[in-house]
Amino acid sequence: MPEQDRCDAILAAAYDIAVAEGLDAVTARRVATAAGISPGLVFFHFQSKDGLLQALLDVLLDGTLDALTDPGLADLEPWDRLERMIRGELERLQAYHAGVELLFAFYFARRDDLFRPRIEASFGRYLEAFLPVCRQLVAESAPGSVAARTTGDDLAATAVALVQGASIQAIRNPAAFDPEALLVTLQAFRPTA
């Protein structure tokens, strides 16, 4: 098996175990058994359990900006772009519920610097992805409108807070999670033409 395929199989096995049983259940022996390889190969590729978990976290974080950086967004008007970005993120919460829950487990699993700096850096990039459209939206808002009374940075922080809060809702009660209700609320702030 090629090395990249082996690494992918190890990470897929680690993901499945972490989602099913939590991060503490991810051991080299269990991952190796699930991936159909020897435990030594897990250590060969990732050096330690922490190395394996860091690689797994990196896989989770790598996809977080995909929907926000879609080239097709650039052609949309600012409000349409912002709504599309938020809709994409809310839909991802439903589609990748297990990954979102696992990301929270990483965030709260340890109080040391093993995972948090990576996650915080990703959150920073996430906010930065919202900044251009939010700044444009505020700059182009009619004087006296709700949007004109804030800053683009504050609007971006609010959009991120909406998505992050929605992710907690999606984890707490997936059956009651309703992205459309959140989007209708967001649309209430959209200026009328």
- [ ] With volume of the Cα convex hull per residue in Å³ defined as stated, name the option among (1) 201; (2) 78; (3) 127 computed from the structure displayed.
- [x] (3)
TODO: Might you report the magnitude of the Cβ-based charge dipole of the stretch 3-60 about its Cα centre, with Lys and Arg at +1 and Asp and Glu at -1, to the nearest 20 debye?
DONE: 200 debye
Open item on the list: Give me the one-decimal Kirkwood hydrodynamic radius in Å for the stretch 89-134, with the sum taken over alpha-carbon pairs.
Closed with: 11.9 Å
Task: residue 125/residue 184 FRET efficiency (R0 41 Å; Cβ-Cβ; nearest 0.05) - done: 0.90
TODO: Calculate the dipole size of the chain relative to its Cα centre from +1 charges on Lys and Arg beta carbons and -1 charges on Asp and Glu beta carbons; express the result in debye to the nearest 20.
DONE: 420 debye
Open item on the list: Once you order the gyration tensor axes a ≥ b ≥ c over the Cα atoms, which shape class does the stretch 3-60 get: rounded for a/c under 1.5, otherwise prolate or oblate by comparing a/b with b/c?
Closed with: rounded
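So how do 22-31, 126-135 stack up, highest first, on mean other-Cβ count within 10 Å?
126-135, 22-31
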Task: Ellipticity estimate at 222 nm from DSSP helix runs (n ≥ 4, -39,500 (n - 2.57)) divided over the chain, nearest 500 - done: -22500 deg cm²/dmol
Task: 0 to 90° range, to nearest 10: angle between helix 152-172 axis and the chain longest Cα axis - done: 50 degrees
Task: Dipole of the chain, positive direction: furthest Cα of 191, 17, 85, with charges on the beta-carbon - done: 17
TODO: Give the whole-number value, in cubic angstrom per residue, of the convex hull volume spanned by the C-alpha atoms of the stretch 79-180.
DONE: 105 Å³
TODO: Of all alpha-carbon pairs in the stretch 32-75, indicate the percentage at a distance above 13 angstrom.
DONE: 66 percent
Open item on the list: What is the distance in Å between the Cα centroid of the stretch 28-78 and that of the stretch 138-193?
Closed with: 29 Å
TODO: Could you work out how far helix 78-95 tilts from the main Cα principal axis of the chain, as a 0 to 90 degree angle to the nearest 10?
DONE: 30 degrees
Task: Net charge of Cβ neighbours under 13 Å - reference residue 84; Lys, Arg +1; Asp, Glu -1 - done: -3
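None of the figures in this text is laboratory data; all of them are computed from the coordinates on show. The structure presented is a predicted model; accordingly, all values stated were derived computationally and were not measured. Please note: Cβ atoms are built from the backbone with ideal geometry, for glycine as well, and neighbour counts cover all protein chains shown.
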